[in-house]
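Scroll down for the structure; my scribbles are underneath it.
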Amino acid sequence: MSDELTVSKPRTRRAVVKGAAWSVPVIAAAVAAPAAVASVNNASLAFTGSQTGLLTLNLLDGGGTLTAGVLTTVPTQVTLTNGAGAISQSATITVTVGRPAGINIPVGRARGFGVYSYDGVNSTAGQRTAVYQSAPVIGQFGFPLTTFTTTQTINVASNGTLAVPIVFGLAGNSTGVSISALATFPVTITVDLGTRTLTATSTISVPVGAGIL
């Protein structure tokens, strides 16, 4: 009985290259997906500009303008700062202006603030809401809570920034109530990118005697 010796044929260079070619797309796909996610996760949002002065503000409900009698401060710019990996996708933008704390108006209405324009485009009535508090008998009262919603295509290069101008106007209606305290309105903007929501906060400051609320 004789032993048989089996010798494997060596793989040719062409066979090795052909096998490697099949594995390349799999590796590339595995690497590409985390890169896109990492970009969104590394992004941040902040208000990066403001203006203080005797501002002339547009009336969002009814038209016209009002000029503040004392120095009023409003945010003017919001900036998205990106990390590694580009961002290119649609996002839902929401800007909320809350009611000032510590000012009680049990009867009557004062004006609040809403978005007049975002990224150079004037807002429409359909994009804005202004909701007052309400109660039986006295009806609507106090300051309005306002929201503005729009969609925007976000294109930011890897490690780049996107600065967007924002202009605020006066929202709601005044019944002539007297505001005898500093009114500080909280402002919040959210950018919903689908997989993550970015948030930034600021304030609008209206001292006593401005005559615009």
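Just need the Rg to Rh number for the range 122-213, please, alpha carbons only, Kirkwood Rh. Walk me through the numbers before you get to the answer.
On the way: Rg = 16.9 Å, Rh = 16.3 Å.
Across the range 122-213, the Cα-based Rg/Rh ratio is 1.04.
Grab the Cα-Cα distance for residue 138 and residue 89, subtract it from 0.36 nm times how many residues apart they are, and report the gain in nm with one decimal. Provide the component values of the computation, followed by the final result.
Details: separation 49, 0.36 × 49 = 17.64 nm, distance 4.63 nm.
Gain on extension, residue 138 to residue 89, equals 13.0 nm.
Per residue of the range 161-172, what does 6.51 cos²θ - 1.76 cosθ + 1.60 with θ = phi - 60° give for ³J(HN,Hα)? Whole Hz please, x for Gly and Pro, Karplus curve as stated.
10, 10, 9, 10, x, 9, 10, 9, x, 8, 10, x
Can you give the extra length, in nm with one decimal, that the chain gains between residue 129 and residue 163 once fully stretched, where that is 0.36 nm per residue apart less the Cα-Cα distance? Please list the in-between numbers first.
Details: separation 34, 0.36 × 34 = 12.24 nm, distance 2.48 nm.
That pair, residue 129 and residue 163, stretches by 9.8 nm at full extension.
Output wanted: per-residue J couplings in Hz (rounded whole) for the range 45-55, from phi through Karplus 6.51 cos²θ - 1.76 cosθ + 1.60, θ = phi - 60°, x for Gly and Pro.
10, 7, 6, 10, x, 8, 9, 10, x, 7, 6
Determine Rg/Rh for the range 52-183; Rg is computed over alpha-carbon atoms and Rh is the Kirkwood hydrodynamic estimate from the same atoms. Intermediate results must be reported in sequence, preceding the final value.
Details: Rg = 17.3 Å, Rh = 16.5 Å.
Expressed as Rg/Rh, it is 1.05.
A short reminder: the numbers here are calculations on the coordinates, not readings from a lab. Because the structure is predicted, anything quoted here is derived from the model rather than measured.
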